[in-house]
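To start, the structure under review is shown below, and the notes come after it.
The values are calculated or read from the model by the stated rules, or taken from the named source; none is laboratory data. Computed from a predicted structure; not experimentally measured. FYI the Cβ positions are ideal-geometry reconstructions off the backbone, even for glycines, and counts take in every protein chain you see.
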C-alpha cells in the first residue's frame, strides 16, 4: 500500500467553550479524490485551517508522505506541498494570468527587474498541464469565472503539490464549467496528486470522489467508498438522522391566479416571457446561470424596468418601477445573495425583520419597539429561528437562520407573491430540508411562491410546476408529475425546441 | 468579563475613558507645567470648553449621520464660511433697512436656508449622478470656497450688530447660547438616529445599501435629506459663531471638515458606514477640544497640538482595529 500523501492523526483543537475538533483523523492517498463532508459548524473549516497552518492543533500530528510536519503558516504549508483552492477567488484582475500565477514570487533578474521570459515559460507549462485555453499574457479580468478558477488552480501548482484541497470550488460555476473543473481534478489525480474535495453538493461528490469522509460536531464519523454507498447513507452519517429527499409529486389544489406575466421582456436579458402563478402553488424556475431567471425576479420586484409586456396581480394590470411599488402590490423577493442583498448584517435580527415596514410601526415620531417585538416574536416562533436574542446581529447567525430572517421579513408584510431566489445557497444539508419544508408550508397556506434555483434536486423537490429557461426564453413548462431530470436538462440546454405555452 | 463583552464595552466606552484620562493627565501635568495658577478642571474653564467645541461639534453631529450612511461631506467648512457671509452681509442690505432689529431672524433664516440649499445641491448630485460623495463634496468644497472669495475678494465681511451679540452671549446659569444649541442639537439628532425610522434607515443604507434598496427604502432621497441636514447644521454652527464675532474672513472654516471628521472618527464611527453613534461623536468633539485646551494649558503651541492630535487619532484607530479583529484568523493584509 502506498503511503498517504497527507495524513492527520487525532487532531484536537479547542476554542474557549468549544471543542471544535475532537480527535479527527483523516488521510488522502496519492491519486485519490477524497471528499470531506459535514454540515456548517461540523469542523471542516477548522480542520482545513489546521492543515493550512492558520491554526496550530492542540493535540495530534500531521504527516506528509509519512514524515511528521508542522505547518507554521499558510506559506509554510504551501512550501510543503499542501495547497488550497478556495471558494472565493483572490486574483488581481488587472494583471496578466502569468503575473497572477507567480504573484509574490515573480522570477527576477538583476536590479529587481521581472524575468518575463521565464515567467511566461513557466506559466505556460502549468497552463498546459491544466489544458487551459488561454495564454499566460491574458488579462485575468477578461476571463470567465471558471477560467479564473483555473488560474487559481494554476497558482497552486507552482510548487510540487502533494495534496490539493478544493474548498467548495463549484459555488460560482455553471454546470458546463463544472465539467471542465472535474476534468482538471481528474487530471491531477492521474498525475498522482492527493485531492481533498470539500462540498455541500451531494451530486458532485458522487461524480468526482473515490472516498467520502464525514465530520459531524467536530468528530470523525466514518469513511465510505463512494462506489459502495448512496446519498441516503452519506446524509444519515452527516446529520445523524435520515432525510426526506423524495419529490413532491401529489398534485395540489391551487387557488386564483395571483401573478400573470404576459410577453414580459427586458432588453437582451429575457424576451417574451409569459407565465402564471396561482395561490397555493410553488413554481420553480430552472436554467443555467445567465438564462434570465434572476432577471425576471428582479423585474417583477421593480429592480429592473421591463422593456415590454405586462404584469397582472390578481387580474389587475400593475406598473412596477421600484421595489416600493412591488411591495405595495404584495410582491416580495428573497434575493439570491442574502448577505449582499438580503440582510443588513450589522443590524439586529429584529430590526432586519421589520426593515421594509418600520415606517408604519411608529408612535408619534418614534419607532415603536413593542410593535416591532410583536412581529419578531410571531415569525421567530413560526419559522423556528434559532437565535439567542432579538438583539443578535444578523451577521452572526448561521446561513439557514439568516435565510429564515429574510423570509420572515417578507412574510410579515403579508405578501401575495413570494419570490425566493436560490433559497438554500450556502446552507447546510440539515437546514436545507427545513427551508424546503417551509416553502411547501407557505404554499399550502395559500401563498403564491416562485422558487428560482440552480440545483435540480431542489427545484424538483419543492415545485408544483417547473419552468425551464434557456437564453432568456421559456423553453418548456412541466408539472411536477411529468417532469424528469432528463427532460429538464434537455430543456435548459436548449435541446428541446418545442415551446409549450 | 468575557472578551466579547469587553470588546463591546471598549468600543462604546473608549472615548469616555479617553476623556477621563485627558482630564486626569492635564490636571496633574498642569500642576507642574502650567504658567497660570488656575486648576485645569475649573468650572469656568469647562464651560468655555463646551462653548468652544460648539462650532465643530454641531457640524460633527451631521457628519455622523452622513458617515453612518457611508458618505462623507468635505464641503462643510466652505458652507460654514458662505453662510456666515450671507448672514452678516444680509443685515446691511437696503431692502431690510426698515426692519430694525427684526433683520436678525431674517438674516439667520437666510443663512440657514443657504446651508440647506448647498446641502441639497450636494445630495442631488450624489443621488442623480451616482458619483462618490467624496468626489462630489471635494468639488463642492472648492466651488463653495470659490463663491466665498468671489463675494468680497480677500477682504473680511463684517457687520457687528450689538443686539445680536447680546442675544448670543445670554447665559443660563453660566451656560452660554452656543453650548445650549450644541447640546439640544446633540439630543435631537441622537433621538433621530436611535428612535426614528429615518435613523434606522440611515444605518441600513450604510451597512448594506443593496439590502436597503431591496427592503423598499428609497436610498437616493434618504441621502439627500442627510445632506440637507448637514448643510443646515453647518449653517447653524456658522450662525452661532458669527453672531458673536461679527466678522468673517474668506479663509474661515478651512480645514473644519477635517476637524469634524477627526472628531467623528475618534468617536468610533466607521468610514465605511453602517455603524457609529451620535453620543460617541459628542465625546469625540469634547476629547479633541480637551486636548487642544489641555496642551495649551501646559504650554504647548498650536503646531504641537496638531501633531499630538494626529498621532492620537492614528493610535486610537490602531487600537480599535486590534480590539475588533476577530482572533488571529483575520487576514494579514
Checklist outcome for this item: Here the residues within the range A:274-288 that are touching a strand residue (DSSP E or B) at 6+ places or on another chain (Cβ under 6 Å) and either closer than 19 Å to residue A:304 by Cβ or in contact (Cβ under 8 Å) with a residue 24 or more places away in the chain (or both) are A:274, A:275, A:277, A:278, A:279, A:282, A:283, A:284, A:285, A:286, A:287
Checklist outcome for this item: Here the qualifying pairs (Cβ atoms under 7 Å; residues six or more apart or on different chains; first in the range B:41-53 and within 16 Å of residue B:27 (Cβ to Cβ); second part of a helix (DSSP H, G or I)) come out as B:41/B:23; B:41/B:27; B:49/B:289; B:49/B:290; B:49/B:293
Checklist outcome for this item: Only one of B:81, B:60 is within 27 Å of residue B:250 (Cα to Cα), in contact with a strand residue (DSSP E or B) (Cβ under 7 Å, 6 or more places away or on another chain) and modelled with pLDDT of 95 or more, namely B:81
Item to check | Candidate set: the range A:33-43, residues that are closer than 20 Å to residue A:231 by Cα and surrounded by 20 or more Cβ atoms within 10 Å (Cβ to Cβ); chosen: the one farthest from the other protein chains (Cβ to nearest Cβ) | outcome: A:33
Next on the checklist: Just to check your reading of the model, which residue among B:232, B:134 is closer than 25 Å to residue B:275 by Cα, in contact with a helix residue (DSSP H, G or I) (Cβ under 6 Å, 6 or more places away or on another chain) and away from chain A (no Cβ under 14 Å)?
Outcome noted: B:232
Next on the checklist: Whether any residue in the range B:236-249 is out of contact with any helix residue (DSSP H, G or I) (no Cβ under 7 Å at 6 or more places or on another chain) and free of Cβ contacts under 8 Å to residues at least 60 places away in the same chain is what I want to check.
Outcome noted: yes
Next on the checklist: Kindly evaluate residue B:77 against the criterion of being over 24 Å from the mean Cα position of the chain (by Cα) and surrounded by 18 or more Cβ atoms within 10 Å (Cβ to Cβ).
Outcome noted: no
Checklist entry - Could you say which residue among B:284, B:268 is more than 14 Å from chain A (Cβ to nearest Cβ) and in contact (Cβ under 8 Å) with a residue 60 or more places away in the chain? => result B:284
Next on the checklist: Conditions first: (1) in contact (Cβ under 8 Å) with a residue 60 or more places away in the chain; (2) closer than 28 Å to residue A:95 by Cβ; (3) surrounded by 18 or more Cβ atoms within 10 Å (Cβ to Cβ); (4) in contact with a helix residue (DSSP H, G or I) (Cβ under 7 Å, 6 or more places away or on another chain). Residue A:152 passes all but one, so which condition is the exception?
Outcome noted: (4)
Item to check | residue B:299 being away from chain A (no Cβ under 14 Å), modelled with pLDDT under 85, within 21 Å of residue B:26 (Cα to Cα) and surrounded by fewer than 17 Cβ atoms within 10 Å (Cβ to Cβ) | outcome: yes
Checklist outcome for this item: Checked against (1) closer than 27 Å to residue B:227 by Cα; (2) in contact with a strand residue (DSSP E or B) (Cβ under 9 Å, 6 or more places away or on another chain); (3) not in a helix (DSSP H, G or I), residue B:160 satisfies every condition except (1)
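List the helices (runs of 4 or more DSSP H) inside the range A:289-404, counting only whole elements, that have at least 2 residues being out of contact with any strand residue (DSSP E or B) (no Cβ under 7 Å at 6 or more places or on another chain), closer than 25 Å to residue B:200 by Cβ and within 14 Å of another protein chain (Cβ to nearest Cβ).
On the way: elements: A:293-300, A:323-328, A:349-354, A:369-382.
The qualifying helices (runs of 4 or more DSSP H) are A:323-328, A:349-354, A:369-382.
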Next on the checklist: Could you check the range B:138-156 and list, in sequence order, the residues that are free of Cβ contacts under 8 Å to residues at least 40 places away in the same chain and within 25 Å of residue B:246 (Cβ to Cβ)?
Outcome noted: B:146, B:150
Checklist entry - Among the residues of the range A:412-460 satisfying the criterion of being outside any loop (DSSP other than H, G, I, E, B), within 14 Å of another protein chain (Cβ to nearest Cβ) and over 15 Å from the mean Cα position of the chain (by Cα), which is nearest to residue A:340 (Cα to Cα)? => result A:419
Next on the checklist: Go through the range B:171-224 and report how many residues are in contact (Cβ under 8 Å) with a residue 24 or more places away in the chain, away from chain A (no Cβ under 14 Å) and not in a helix (DSSP H, G or I).
Outcome noted: 3
Checklist entry - Any residue at all in the range B:231-253 that is in a helix (DSSP H, G or I), modelled with pLDDT of 95 or more and surrounded by fewer than 21 Cβ atoms within 10 Å (Cβ to Cβ)? => result no
Checklist outcome for this item: For the range A:204-236, the count of residues that are at pLDDT 80 or above and part of a helix (DSSP H, G or I) equals 10
